[in-house]
Each structure stands twice: as structure tokens, then as C-alpha cells.
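Notes follow the structure.
The values are calculated or read from the model by the stated rules, or taken from the named source; none is laboratory data. What you see is a predicted model; the values in this text were computed from it and never measured. Cβ placement follows ideal geometry from the backbone for every residue including glycine, while neighbour counts extend to all protein chains displayed.
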Amino acid sequence: MQLRPLTSADRSEFAELIYVSFNTWYRLHGQPDIFRGGPEVAELFFDVYDELDPGFSVAAVHPNSRRLMGTCFYHPREHHVSLGVMAVHPNHSGRGVGSALLRHIIDFTDRRGAPLRLTQSAINVDSFSLYNKAGFVPRYAYQDMLLNVPESGWTKLAPGHERVRPARADDVPAMARLEFEVSGITREPDYRYCIANRLGCFHVSVIEGPHPGELDGFLIASSHAASEMLGPGVMRSEGDALALLSVELDRHRGKMPIVVAPVEKQQLVRALYGWGARVCEMHFCQVRGPFQPFAGVNLPAFLPETG
């Protein structure tokens, strides 16, 4: 196979590969499709990743057909590299495609001397083994919780909701300080991109702290056929997380967004159950290299990748 970056000409084929590979895996394991509406809905992943980090992608191309065998985006940030959604076409599973893509990204990350991070499915043991063999360590566990938001809107507001407001561009430095304090990483390009919301599918909220210019949390949410999700988000406390979630849920009327909740944050988890949430999957925070334990609440997501 040949490895090369993705180009704009790959957009439709990339979306079809994402759509087919993920839906095939879920069907084979007795679960419903994760994507619906046709392969074109997955073009969102290409658009977001390519705009955020143009050139930071790798595709495995078949030597004869020149078709995509597998793909992955990756995201260099100030303190780490985040590994994006990796997909291998079902026709090429077991042929070392995933290993080749991962090795390319590991080599890039090692040259930078940075940790490599991702949020990885805990039920996909093949994927888990791929990363585990390459030196990744599962550092944190999450439960994916689906919430059904009524058409009439969300009325279960949590204490502290009055401190929640839409994020502004001038909040970005405070968001970065907060995430570095809680998680040991920063992702300013991601915050700015989602606040600008050029594609019309993101919304960002913040919860104000006790002092001017200070934030106690932020939450990025996506609403699209390919990603109905509350996250990524970072908060000082579980109460801050619940306040942000309770406000943001009202923007998802008639839909079923997912919250990827840390299993150990039981106040948060119990409240989500009380709101009618149900668990649909599990994930791990996987890290290759140094890791700082979270000093607050970290809600990961896949668009944009949290790391």
C-alpha cells in the first residue's frame, strides 16, 4: 500500500469509507448503524478536520485500484498530538492497514517529542489491541450516555445555570487556561474554530467563575446528522458540568445527543440517569506518553477530537 495525505479530491470517498467501515463493524456486533442518511453525512468529518488541520492526514491507497484502504486525521497541538477517527475499509481488514496508519502518526509524534492521545472504543477489542501493542495506556474510562430531548425543549435546569452564557472569541485564553489546569493540554484552534462556527453545526457555552475573566467550564456541542454530541467540554466540578449540559440540551430539541461521561464522576452520572439517559457504549482515554490525571471534569468527543 502507498501512504499519502488526503486531498480535497478524496472527500466523497473518505466519507463513504467512514460510513461503511463504522456501520459494518456495528452491524457485525449486533448493534444498529452509527451513521444514517447516506455516506454524504460523513463528509462533515473531512470538512472539519481538513479546515482545522490541513495536511495532517494519512491515507493508505491500494497499489492497483488507487482506492482508499484506510484513513486517519491527526491534530498537533501545543502540548500533545490528538489521533482522529481512524477507519479501514472492511474489504481490507486484517491486512495491516491500521498498523501502517498508526505507525505513520507515531513517527510524526515521536519527532515532536509529544504524547499521542485518543478516545477509543472500549468494546472494540481489535482496536484496543492495535493501540495497546503500540504503547498506548488506557488512563480513564467513560460511558456514552444518550439523552432524549423533547420537541418542546429541555426544562430540567441544574443549579448554576444562570452563570452559563454563549462563548465569545475573547473567552479563548480563559478556556485554554482552564483546560491546561484540568487536563494538562490546550486546544486554542479548536475553541476558535467552534466559536466561529462557519459550518453551522457547533455551539459553545461557558460558565462564568467568581471573578471577572475567569471561567469554571466550557462545553462545545455539535448538532448534525453525523454528530449529535455534547462535548468536548472541561469543567472544574461536576456541578459546573451539569449546569452547562442542562442549558445546552435545550438546543437539541427533538434529538438524542450523546454525552461521554467519566465513569468515576458519580454525581454527574447519577444526574444523567435521573434525566433519562441510557448507556450505549464505553470508551477509554488512551495515551502514549506522559499523562496528567484530570483535576476536574473532562467530557471527550470525536468532532473535534479531544485527545
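Here's the yes/no breakdown for (1) surrounded by 17 or more Cβ atoms within 10 Å (Cβ to Cβ); (2) more than 28 Å from D110 (Cβ to Cβ); (3) in contact (Cβ under 8 Å) with a residue 12 or more places away in the chain:
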position	(1), (2), (3)
Y19	yes, yes, yes
W25	yes, yes, yes
P32	no, yes, no
E51	no, no, yes
R66	no, yes, no
G70	yes, no, yes
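Does D107 satisfy the criteria of being closer than 30 Å to E188 by Cα, at pLDDT 95 or above and of a type outside the set (A, V, I, L, M)?
Numbers: closer than 30 Å to E188 by Cα: yes; at pLDDT 95 or above: yes; of a type outside the set (A, V, I, L, M): yes.
Criteria met by D107.
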Residue in segment 232-241 that is under 29 Å from D33 (Cβ atoms) and touching a residue at least 60 places away in the same chain (Cβ under 8 Å) present: yes
Any hit, segment 5-23, residues being in a loop (DSSP other than H, G, I, E, B) and under 25 Å from N124 (Cα atoms): no
Filter result (of a type in the set (S, T, Y) and assigned to a loop (DSSP other than H, G, I, E, B)) within segment 266-307: T306
Residue in segment 226-244 that is farthest from the chain's Cα centre (by Cα), counting only those that are part of a strand (DSSP E or B) and closer than 12 Å to N298 by Cβ: M235
Some residue of segment 29-51 being in the same structural domain as V85 (by TED's automatic domain parsing), farther than 28 Å from V125 by Cβ and among the polar types (S, T, N, Q): no
Filtered residue count, segment 172-225, keeping only those that are in a strand (DSSP E or B) and not acidic (D, E): 15
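I'd like to know if segment 269-276 contains one or more residues that are closer than 22 Å to L146 by Cβ and buried (at least 21 other Cβ atoms within 10 Å of the Cβ). Steps first, please.
First, pick out the residues of segment 269-276 that are closer than 22 Å to L146 by Cβ: 269-276.
Filter once more, so that each one left must be buried (at least 21 other Cβ atoms within 10 Å of the Cβ): 272.
The answer is yes; a qualifying residue exists.
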Pairs where the first residue, in segment 135-154, is exposed (fewer than 13 other Cβ atoms within 10 Å of the Cβ) and the second is charged (D, E, K, R), C-beta under 6 Å, 6+ apart: G135/R288; E151/R253; G153/D250; G153/R253
Yes/no for F108 being within 19 Å of N23 (Cα to Cα) and of a type in the set (F, W, Y): no
Of residues in segment 52-67 being touching a helix residue (DSSP H, G or I) at 6+ places or on another chain (Cβ under 9 Å) and either modelled with pLDDT under 95 or among the hydroxyl-bearing types (S, T, Y) (or both), the one nearest to L17 (Cα to Cα): S57
Strands (runs of 3 or more DSSP E) lying entirely in segment 93-171 (those with 1 or more residues that are on the phi > 0 side of the Ramachandran plot and of a type in the set (A, V, I, L, M, F, W, C)): none
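In the list G217, G200, G184, which residue meets the criterion of being assigned by TED's automatic domain parsing to the domain that holds W154, farther than 25 Å from I34 by Cβ, surrounded by fewer than 24 Cβ atoms within 10 Å (Cβ to Cβ) and modelled with pLDDT of 95 or more?
Working: G217 fails: surrounded by fewer than 24 Cβ atoms within 10 Å (Cβ to Cβ); G200 fails: farther than 25 Å from I34 by Cβ.
That would be G184, the only listed residue that is assigned by TED's automatic domain parsing to the domain that holds W154, farther than 25 Å from I34 by Cβ, surrounded by fewer than 24 Cβ atoms within 10 Å (Cβ to Cβ) and modelled with pLDDT of 95 or more.
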